[in-house]
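Novice: For reference, the structure I am asking about is given below.
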Amino acid sequence: MAQASGMLGDGSKAVKVHHLVKAPENTPESVRRRESWDATEPATVYKTPEILPDGTHCTAATVIFRTRGCAWWWKSGCTFCGYFNDVRDDVTADDLFAQWDEAKLRLDDFEGCSMVKVYTSGTFFEDRENPPEWQEAILKETHERGLHLVIEAQAQMCTPEKFAWVAERHPGCTVAIGLEAYDDAVLRFHVNKGFSPSSGTAPSICSGRMA
Ligand code: SF4
């Protein structure tokens, strides 16, 4: 991981904008703590009651992966969600596959679950964040096993091309986005997640089920 250097820097070149953000998450202690996590184990897994899109009550398994984090965080220093606390810059595809195996082990191979929520502290289908072969494996396996998949995405990543790619591999899966406010100024200056209702990236096209 690049050395966190704070607002004034230490003379070395910053790799990503978020390394320049003077915030508690960039103190040497916070960086040390993040890098102490085992990259082959998911951040956490659990089961909860849920409701399928057709209204049926079910049990959902949630798997929160330890990923490389959100591209918008790298680019803009966005810290809105706080998920950067669960990431490492050096997570590999092998690590992600190992985390998936570990999640299935801890969750009895999704015994009794009809839904699986896969959260990556960013956008599931962002190729710089998560290797495409790993995305593809998760999409296909959950589809083949008849598990309703829920993934997350940042709104501006939801392009028709990406949706088509995802829908080909897991028709009917749900892509969730977070719209914390409907006010352009609040979204731009307080939330800073990179989109607004009037920006041309309409959140309404970015949530819902894949046909
Ligand atoms: S864009 Fe969303 S996922 Fe990415 S850092 Fe900001 S709040 Fe978190």
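Novice: For the range 54-99, what Kirkwood radius comes out of the mean inverse Cα-Cα distance, in Å? Spell out each step's value before the answer.
Specialist: On the way: mean 1/r = 0.0789 Å⁻¹.
Result for the range 54-99, one decimal place: 12.7 Å.
Novice: Still on this structure, I have one more. If you take the charge dipole of the range 40-209 about its Cα centre, with +1 on Lys and Arg Cβ and -1 on Asp and Glu Cβ, which of PRO49, PHE110, MET157 is farthest toward its positive end?
Specialist: Going by the charge dipole, the pick is MET157.
Novice: Please list MET115, MET157 from largest to smallest accessible area, probe radius 1.4 Å, with all protein chains kept in place. All intermediate terms of the calculation are to be shown ahead of the outcome.
Specialist: Details: MET115 5, MET157 40 Å².
Highest to lowest solvent-accessible surface, that is MET157, MET115.
Novice: Using modelled amide H (1.01 Å from N, peptide plane; none on Pro or chain starts), what sits under 5 Å from the amide H of ALA176, excluding residues fewer than 5 places away?
Specialist: ILE151, GLU152, ALA153
Novice: May I pose another question? Restricted to Cα positions, what overall size does the range 68-133 have along the principal axes? Three whole-Å values, descending.
Specialist: Computed over the Cα atoms, the extents are 40, 24, 19 Å.
Novice: Can you give the FRET efficiency to the nearest 0.05 for GLU141 and THR44, using r as the Cβ-Cβ distance and R₀ = 35 Å? Don't skip to the answer; put the middle values down first.
Specialist: On the way: r = 20 Å, r/R0 = 0.58.
E(calc), rounded to 0.05, equals 0.95.
Novice: Please list 3J(HN,Hα) in residue order for the range 54-67, calculated via the Karplus relation 6.51 cos²θ - 1.76 cosθ + 1.60 where θ = phi - 60°; whole Hz, with x for glycine and proline.
Specialist: 8, x, 6, 6, 8, 9, 10, 9, 10, 10, 9, 7, 8, 10
Novice: Would you check the accessible area of ARG33, probe 1.4 Å, heavy atoms only, in square angstrom rounded to 10?
Specialist: 140 Å²
Novice: Equivalent-ellipsoid semi-axes (√(5λ), Cα gyration tensor) for the range 83-197, whole Å, largest first? Intermediate results must be reported in sequence, preceding the final value.
Specialist: Details: eigenvalues 138, 57, 40 Å².
After diagonalising the Cα gyration tensor, the semi-axes are 26, 17, 14 Å.
Novice: Follow-up question, since we're still on this one. Hey, can you grab everything whose amide H is under 5 Å from the amide H of THR44? Only 5+ residues off in sequence or another chain; H modelled, so Pro and N-termini drop out.
Specialist: So THR44 has HN proximity to ILE64.
Novice: Also, I was wondering about something else. Taking amide hydrogens as modeled 1.01 Å from N in the peptide plane, which residues meet the under 5 Å criterion relative to THR59, leaving out close sequence neighbours?
Specialist: GLU50, SER114, MET115
Novice: How large is the charge dipole for the range 63-154, taken about the Cα centre, if only the Cβ atoms of Lys, Arg (+1) and Asp, Glu (-1) carry charge, to the nearest 20 debye? Provide the component values of the computation, followed by the final result.
Specialist: Values: 10 positive and 18 negative charges, 72 e Å.
The dipole of the range 63-154 has a size of about 340 debye.
The values are calculated or read from the model by the stated rules, or taken from the named source; none is laboratory data. Remember, predicted model here, so these are calculated numbers, not experimental data. Cβ atoms come from the backbone with ideal geometry, glycine included; neighbour counts cover every protein chain shown. What goes into the accessible areas is simple: the full protein's heavy atoms, side chains included, and nothing from ligands, DNA or RNA. Shrake-Rupley method; radii C 1.70, N 1.55, O 1.52, S 1.80 Å.
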